[in-house]
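Everything on this sheet refers to the single structure shown next.
Every number in this text was worked out from the coordinates using simple rules, so none of it is lab data. Just so we're clear, the structure is a prediction, and the values are computed from it rather than from any experiment. Cβ placement follows ideal geometry from the backbone for every residue including glycine, while neighbour counts extend to all protein chains displayed.
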Amino acid sequence: MIAIYPGSFDPITLGHLDIIERGSQLFSQVIVAVLRNPNKTPLFTVQQRLEQIRQSTTHLDNVEVDAFEGLTVEYATRSKAKVLLRGLRAISDFEVELQMAHTNKTLSTEIETVFLATSNEYSFLSSSVVKEIARFGGSINHLVPPHVALDTYKCFTHNQTESNPIKTDKTEVIHPLNYPKSREA
Ligand code: PNS
């Protein structure tokens, strides 16, 4: 049975990867589907996100990565998928996710939404949290795959030039790209 794992993935986190890895054990194929959403201004282009996800899932033979626009159930039908896979982190997710699952059911009775409880260690984690931490120069190495961390630091380094350095409370000036590594040492 084929499952679609739809989302924004801006960027993919270890929480997403946890769901993909566990989903790949449950279904014959998992298609990670990045939504082209004209209403959002993402940090990464769809092409960058596809590449980030591909690099993160090379160890999973039955995982494919693709982009789509429009309705998820229509994409799922075209892909011959029977399942929409979603992760649930907390009660706050549940309300939104249940509404989405019910809406999708009205659009296609053929497709079921299956929820996986996100592993405990990632229950707080979101792409927004990752971007917020990176924007302020904090370490995201424990939250995303290494190549994604690098891409994200580069984005904020690019936007945050030397004229706008980060200062810690010790008034030590740290370039954003070096900040997390220097903290780890
Ligand atoms: O990672 P996200 O942003 O929580 O993913 C949300 C996503 C992409 C799964 C959802 O917004 C979606 O399915 N959008 C496509 C449009 C659609 O099918 N809407 C009807 C269901 S509400």
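Quick check: residue separation of residue 93 and residue 77 times 0.36 nm, minus the Cα distance between them. What number comes out in nm?
Numbers: separation 16, 0.36 × 16 = 5.76 nm, distance 2.49 nm.
Length difference between fully extended and current span is 3.3 nm.
Close amide H pairs (under 5 Å, H built 1.01 Å from N) link residue 116 with 86, 87, 88, residues at least 5 positions away or on another chain.
Couplings 3J(HN,Hα) of segment 15-30, computed from phi: x, 4, 4, 4, 5, 5, 5, 6, x, 5, 7, 9, 10, 5, 8, 10 Hz, in residue order, whole Hz [Karplus 6.51 cos²θ - 1.76 cosθ + 1.60, θ = phi - 60°; x for Gly and Pro].
Mind checking the dipole of segment 6-94: about its Cα centre, +1 per Lys or Arg Cβ, -1 per Asp or Glu Cβ, Debye to the nearest 20?
The calculated dipole for segment 6-94 is roughly 180 debye.
Using the Karplus relation 6.51 cos²θ - 1.76 cosθ + 1.60 with θ = phi - 60°, the per-residue 3J(HN,Hα) values for segment 97-110 come to 5, 5, 4, 5, 5, 5, 4, 4, 5, 6, 8, 8, 7, 6 Hz, with x marking Gly and Pro.
Segment 1-98: Rg/Rh from Cα coordinates, Kirkwood Rh? Please list the in-between numbers first.
On the way: Rg = 12.8 Å, Rh = 13.7 Å.
For segment 1-98, the value is 0.93.
At full extension, residue 39 and residue 136 could sit 32.4 nm farther apart than now, given 0.36 nm per residue minus the alpha carbon distance.
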